[in-house]
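Notes to accompany the following structure.
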Amino acid sequence: MAGTSAAGKPAHGLAKALVRLFPLVWSILVIYPVLWTFFTSLKDNPQVLQGKPWDLPSPLIFENYANVWSRAHFGDYFVNSALVTTGSTLLSLAMAATTAYVLARYEFKGRGALYFIYVASMMIPTILGLIPLVFLLNTLQLSNSLLGLTLVYSVGAVGILPFGVFFLVGFYKSLPKELEEAATIDGCSYFGTFFRIMLPLSKPGLVTVAIMNALTVWNEYIMATVLINDPTKYTVPVGIAIMQGEMQYRTEWGPLFAGLAISMIPVIIAYSLFQRQITGGLTAGALKG
């Protein structure tokens, strides 16, 4: 028994070391390209082409950010993405919260089939809906508009609505039914119970869904490329693709990386501010399915 225990200790220690080492290696792999992007965004062309990747920029070329924001119209792309992301996230969140609450808390005929449709739609590739969406937006006279793109995103063309319903159904099921019973006894209507009690309690889940949806829309490229043809209405992913095609021939690497850095800043801020809510929402939503 003693020999078995002694032999097991080195293996246990090695396993603990590997468990601690893996997050460190993963963090380095994630942080390295981010830091490299920010370093390169503050360099001029000679520093980028002749220096080493990890050389600190000297001097700091902050003009790269001003140039890409105004001269390359990145400011317009940023505003367009902010409007589309905010609008589609709020609309999809409102629809997902109400739909998930009904599916999770009420019994009615066809509930299981409806839930299955939402879940199954997450598996449909986005590109399969492009042609019908183009014809539909043309019919509604919403083609080549930010409003049309916002509606396309919000109704689930990139999967944010089905994901929200799928996630929030599990979250609402984890809430005790006694809360609704107490609200009914106190005279609350169905809408009052939802908006006054259940919706505030689901804040961690709502924040998690909102962040996931916002990141999906912020980084979406295919729909924005097909449905938007006006350069003044391009979103950030489309704008970066246009900038890459133009600036690589003008060898303006500093402004290009400045645009990439600007596009990453909202994502970094969102995760920094809401990381606890995201973790709490994922944990609570996993309690019941």
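Pairing each residue of the stretch 109-122 that is modelled with pLDDT under 90 with any residue that is hydroxyl-bearing (Ser, Thr, Tyr), provided the two are 6+ apart or on different chains, yields C-beta distances under 9 Å for TYR118/THR99. For the stretch 89-108, residues that are out of contact with any helix residue (DSSP H, G or I) (no Cβ under 7 Å at 6 or more places or on another chain), open to solvent by 70 Å² or more (accessible area, probe 1.4 Å) and either in a helix (DSSP H, G or I) or within 11 Å of PHE163 (Cα to Cα) (or both) total 1. Can you pull out every residue in the stretch 20-40 that is touching a residue at least 60 places away in the same chain (Cβ under 8 Å) and either among the β-branched types (Val, Ile, Thr) or open to solvent by 100 Å² or more (accessible area, probe 1.4 Å) (or both)? Result: VAL34, THR37, THR40. Cβ-Cβ distances below 9 Å connect the following pairs, each with a first residue in the stretch 50-77 that is at pLDDT below 85, a second residue that is among the β-branched types (Val, Ile, Thr), and a separation of six or more residues or different chains: PRO53/THR40; PRO57/THR40; ALA72/ILE242. Scanning the stretch 138-159 for residues being touching a helix residue (DSSP H, G or I) at 6+ places or on another chain (Cβ under 6 Å), open to solvent by 20 Å² or more (accessible area, probe 1.4 Å) and either without any contact (Cβ under 8 Å) to a residue 60 or more places away in the chain or part of a helix (DSSP H, G or I) (or both) gives a total of 2.
Among residues of the stretch 265-280 being at pLDDT 80 or above and hydrophobic (A, V, I, L, M, F, W, C), the one that is nearest to PHE78 (Cα to Cα) is ILE265. Looking at PRO162, is it modelled with pLDDT of 85 or more, within 23 Å of ALA270 (Cβ to Cβ), open to solvent by 70 Å² or more (accessible area, probe 1.4 Å) and part of a helix (DSSP H, G or I)? The answer is no for PRO162.
Does VAL209 satisfy the condition of being at negative phi, touching a Phe, Trp or Tyr at 6+ places or on another chain (Cβ under 7 Å) and surrounded by 21 or more Cβ atoms within 10 Å (Cβ to Cβ)? Here the answer is yes, as VAL209 does meet what is asked.
Once the stretch 44-71 is narrowed to residues that are part of a helix (DSSP H, G or I) and of a type in the set (Ser, Thr, Tyr), the residue that is surrounded by the most Cβ atoms within 10 Å (Cβ to Cβ) is TYR65. Residue under question is TYR271, and the condition is that it be out of contact with any Phe, Trp or Tyr (no Cβ under 7 Å at 6 or more places or on another chain), part of a helix (DSSP H, G or I), among the aromatic types (Phe, Trp, Tyr) and in contact (Cβ under 8 Å) with a residue 40 or more places away in the chain; does it hold? Spelling it out, TYR271 is indeed out of contact with any Phe, Trp or Tyr (no Cβ under 7 Å at 6 or more places or on another chain), part of a helix (DSSP H, G or I), among the aromatic types (Phe, Trp, Tyr) and in contact (Cβ under 8 Å) with a residue 40 or more places away in the chain. Selection of the stretch 109-123 for residues being open to solvent by 100 Å² or more (accessible area, probe 1.4 Å) and aliphatic (A, V, I, L, M) yields ILE117, MET123. Would you check if there is a residue in the stretch 189-202 being aliphatic (A, V, I, L, M) and open to solvent by 70 Å² or more (accessible area, probe 1.4 Å)? Within the stretch 189-202 (the criterion being aliphatic (A, V, I, L, M) and open to solvent by 70 Å² or more (accessible area, probe 1.4 Å)), the answer is yes, since at least one residue qualifies. When the criteria are applied in full, LEU24 fails the requirement of being within 21 Å of LEU260 (Cβ to Cβ) and either at pLDDT below 85 or within 31 Å of the chain's Cα centre (by Cα) (or both).
The values are calculated or read from the model by the stated rules, or taken from the named source; none is laboratory data. What you are looking at is a predicted structure, and each value in this text was computed from that prediction instead of being measured. Neighbour counts are summed over all protein chains in view; Cβ atoms, including those assigned to glycine, are modelled from backbone coordinates with ideal geometry. These area figures cover heavy atoms from the full protein model, side chains too; ligands, DNA and RNA do not enter into them. Shrake-Rupley method; radii C 1.70, N 1.55, O 1.52, S 1.80 Å.
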